[in-house]
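The structure appears below as structure tokens.
Every read-out reported here was derived from the displayed coordinates using simple, explicitly stated rules and does not represent laboratory data. Nothing here was measured: the structure is a model prediction, and the numbers come from that model. All Cβ positions, glycine included, derive from the backbone under ideal geometry; neighbour counts span all protein chains shown.
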Amino acid sequence: MIKLTALFSYPKRKLKKLIKEGEYKQAVEFGESLIKKNPNDEDLYFIMGSIFYILKDAKSTLYYFDKFLELKENDSETLILKANVHVFLKEYDTAIECCKKVLGKDPENNEARILLKRLENI
């Protein structure tokens, strides 16, 4: 089992290196090829969503974060990022839902609490 894990960790390191170097186009192409080979690897969806988050491509960010959440439901970090994308799109009700999901799981999450309070005042 350890060998199998090592097999998949190298491509992710390469993907993260491309992102760190600002090679986003190559990172997207490489990431998409990895997802085709590993469609149930939630880390790849999170990484891809993060690339598009950096690039401010809201539609693609949401696509990948939603795919991630299908595999790893109610992940606080992803839900907060997704909420921020919905705020960017002025989809405040959906952003509020994301914050409430986080707070339902983790009532002490300051980031979700602050964002929710800000959204309730819009």
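Charged neighbours of Ile35, selected by a Cβ distance under 12 Å, balance to -1 (K, R count +1; D, E count -1). Here Asn40 and Lys14 are evaluated by their C-beta separation; at R0 = 22 Å the FRET efficiency comes out at 0.65.
Under the combined filter of DSSP loop state and at most 14 neighbouring Cβ atoms within 10 Å, segment 78-110 retains these trypsin sites (Lys or Arg not before Pro): Lys90. How much net charge surrounds Glu97 when only the other residues with a Cβ under 11 Å from the Cβ of Glu97 are counted, with Lys and Arg +1 and Asp and Glu -1? Neighbour charge sum, excluding Glu97 itself: +1.
Evaluate the charge dipole of the chain about its Cα centre and quote only its size in Debye, nearest 20, assuming +1 on the Cβ of each Lys and Arg and -1 on the Cβ of each Asp and Glu. Let's see the in-between values first.
Values: 22 positive and 20 negative charges, 86 e Å.
Magnitude of the dipole: close to 420 debye.
Farthest toward the positive end of the dipole of the chain, out of Ile54, Ile114, Ser33, is the Cα of Ser33, where the dipole comes from beta carbon charges about the Cα centre. When the charge dipole of segment 1-73 is built from unit charges on Cβ atoms (+1 for Lys and Arg, -1 for Asp and Glu) and taken about the Cα centre, the candidate among Tyr45, Tyr63, Ile19 whose Cα reaches farthest toward its positive end is Ile19. Note on Lys56 and Glu70: their simple-model spin labels are 2.9 nm apart, each label 7 Å out from Cα toward Cβ.
Residues within the reach of a label modelled at Glu77 (point 7 angstrom out along Cα to beta-carbon, backbone nitrogen below 17 Å), restricted to segment 32-51, are 41-51. Note on Arg118 and Glu21: the extension gain reaches 31.5 nm, defined as 0.36 nm multiplied by sequence separation minus the Cα-Cα distance.
For segment 48-122, count the residues as N, evaluate 2.2 N^0.38 Å, and divide the Cα radius of gyration by that value, please.
1.02
Exposure proxy ranking for Leu55, Leu69, Leu44, based on other Cβ atoms within 10 angstrom of each Cβ and starting from the fewest, stands as Leu55, Leu69, Leu44. A simple count of charges around Pro11, restricted to other residues whose Cβ falls under 14 Å of its Cβ and scoring Lys, Arg +1 and Asp, Glu -1, yields +3.
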